[in-house]
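Have a look at the structure below, then the notes.
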Amino acid sequence: MIARDEYLKHLIAFKDKPVVKVITGIRRCGKSTLLMLYDDWLKKNGVASKQIISINLESARYDNVKDYKTLYDEVVSKIRTDEKYYVLLDEVQNVAEFERAVESLSIDHNVDIYITGSNAYMLSSELATLLSGRYVEVAMLPLSFAEYQSAWPNENPDQLFLQYMKYGGFPFLAGIKDENVINSYLDGIYNTVVLKDIIKRNDIRDITLLENVLKMVLSAIGSVVSPASIAKSLRAEGRQVSNETVERYLEMFCNAFILNKAVRYDIKGKAYLKTLNKYYVTDMGLRNNVLGYRQIEATHALENIVYLELLRRGYKVDIGKLNDTEIDFIARRQDTIEYYQVSYTVNNSPETLAREIRPFGNLGDHYSRYLITLDRDLVTDINGIRKVNAVDWLIKTPLA
């Protein structure tokens, strides 16, 4: 079992705080494992087993728990003293109106509640209203490269990174090299997420159209897209689809944590732009599997991985527009702003290097600037721009 220390620290920090801990993320990213790790931590730190109520709502054991009242009664039946109980509810979105059970438990009993789910609808207006100001989200992603590497301690990091870029970071796949096993597992995740979490929940009738939209976006990671441009391309292929339908599908993919939407920010105008955003996939292996391992464009794949890592490190990440240039990422955390450009290599020509660093010259402020590549050389500073090898950046302590 791979330690998910950063996420575990979040749960520990909020232990016994009067908020519900809501753990979200794509299926199979490690939410259930995180609850198990936290369960173990509680026991090692003085909490008796009888005070921990752990319920996996995807288990056949709880097939009868389909509504909030049954869930409430199931938990209450395990509370036998006035001691504090730790309630761990896995995949709680399978229970209708689960938020009512969570609210009632927090009001009626001495409990510390932790819930997981694989759909952003968990944080719907109903939950937000009932638990206004009384919940905190812990957003999980598949393994970071540093976590992934821990399963391959004797492998060359640069070679291992190419493998990670191809097959992704779902925890089950760490330590596995058999391509048949990898592809079968990724097929299963795709079918579960799309068929169970999107098609069934949203009563999608035209499944082929839904999948075509997803494949178009996955083919365009790192490029600006819009619902209108996708719809136009599909209509050119003979499909009848509206811009609004595409926009709705994109929202569904984001709600199922397949895609992450990065909004463009006009640095000079200090305003967010409403069109031509970018979408990054939550796991590169899932993306490559869906597309049949075609179109693995190295710079865009690296850009996707850097984007996810910035999210893991607690940044809010936007795309920067500055006059006629673009900065890959504006990363904000508290009072800190950092600018990032990402390129597979800038050593192939002076023109490539000039193109990548040109946007930095127009910024007019003194925040940190980073150029992340897979180059291995001794150049680490280019006119105040810090050039960093991507593998080192991913493995080592986050940059200050």
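General remarks:
- Which listed residue, of Phe145, Phe253, is surrounded by 15 or more Cβ atoms within 10 Å (Cβ to Cβ) and touching a residue at least 60 places away in the same chain (Cβ under 8 Å): Phe145
- Those residues of segment 226-243 which are over 23 Å from the mean Cα position of the chain (by Cα) and in a loop (DSSP other than H, G, I, E, B), in sequence order: Glu237, Gly238, Arg239, Gln240, Val241, Ser242
- Condition check for Ala120: out of contact with any Leu (no Cβ under 8 Å at 6 or more places or on another chain), touching a residue at least 40 places away in the same chain (Cβ under 8 Å) and over 22 Å from Ala390 (Cβ atoms): yes
- Tyr86 vs. criteria touching an Asp or Glu at 6+ places or on another chain (Cβ under 9 Å), in a helix (DSSP H, G or I) and hydroxyl-bearing (Ser, Thr, Tyr): no
- Among the residues of segment 49-71, those identified as crowded, with 17+ Cβ neighbours inside 10 Å and more than 18 Å from Tyr38 (Cβ to Cβ) are Tyr62, Val65, Tyr68, Leu71.
- Of all residues in segment 205-222 being out of contact with any Ser or Thr (no Cβ under 8 Å at 6 or more places or on another chain), in contact (Cβ under 8 Å) with a residue 24 or more places away in the chain and not in a helix (DSSP H, G or I), the one that is nearest to Val306 (Cα to Cα): Ile221
Rundown of residues vs (1) touching a helix residue (DSSP H, G or I) at 6+ places or on another chain (Cβ under 8 Å); (2) surrounded by fewer than 20 Cβ atoms within 10 Å (Cβ to Cβ); (3) of a type outside the set (Lys, Arg); (4) not assigned by TED's automatic domain parsing to the domain that holds Pro359, yes/no style:
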residue	(1), (2), (3), (4)
Arg287	yes, no, no, yes
Leu302	yes, no, yes, yes
Leu308	no, no, yes, yes
Glu326	yes, yes, yes, no
Ala331	yes, no, yes, no
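- Residue in segment 170-182 that is outside the structural domain of Arg264 (by TED's automatic domain parsing), closer than 16 Å to Phe257 by Cβ, of a type outside the set (S, T, N, Q) and in a loop (DSSP other than H, G, I, E, B) present: yes
- Taking the criterion of being touching a residue at least 40 places away in the same chain (Cβ under 8 Å) and not aliphatic (A, V, I, L, M), the residues of segment 78-90 that qualify are Lys84, Tyr86, Asp90.
- Only residues that are in a loop (DSSP other than H, G, I, E, B) and within 28 Å of Val281 (Cβ to Cβ) were counted across segment 16-72, and they come to 8.
- Listed by first and then second residue, the pairs linking a residue in segment 31-53 that is farther than 12 Å from Tyr114 by Cβ to a residue that is buried (at least 17 other Cβ atoms within 10 Å of the Cβ) and charged (D, E, K, R), with Cβ atoms under 8 Å apart and 6 or more places separating them unless they lie on different chains, are Thr33/Arg4.
- Residue check: Leu276 meets all listed conditions (1) touching a Lys or Arg at 6+ places or on another chain (Cβ under 7 Å); (2) crowded, with 16+ Cβ neighbours inside 10 Å but one, namely (2).
- Residue within segment 162-173 that is loosely packed, with under 14 Cβ neighbours inside 10 Å and charged (D, E, K, R) present: no
- Flag: Thr352 matches the condition of being surrounded by 12 or more Cβ atoms within 10 Å (Cβ to Cβ), hydroxyl-bearing (Ser, Thr, Tyr) and not in a loop (DSSP other than H, G, I, E, B).
- Complete set of residues in segment 75-108 that are out of contact with any helix residue (DSSP H, G or I) (no Cβ under 7 Å at 6 or more places or on another chain), surrounded by 14 or more Cβ atoms within 10 Å (Cβ to Cβ) and modelled with pLDDT of 95 or more: Val76, Lys78, Ile79, Leu89
The values are calculated or read from the model by the stated rules, or taken from the named source; none is laboratory data. All values reported here derive from a predicted model rather than from experimental measurement. All Cβ positions, glycine included, derive from the backbone under ideal geometry; neighbour counts span all protein chains shown.
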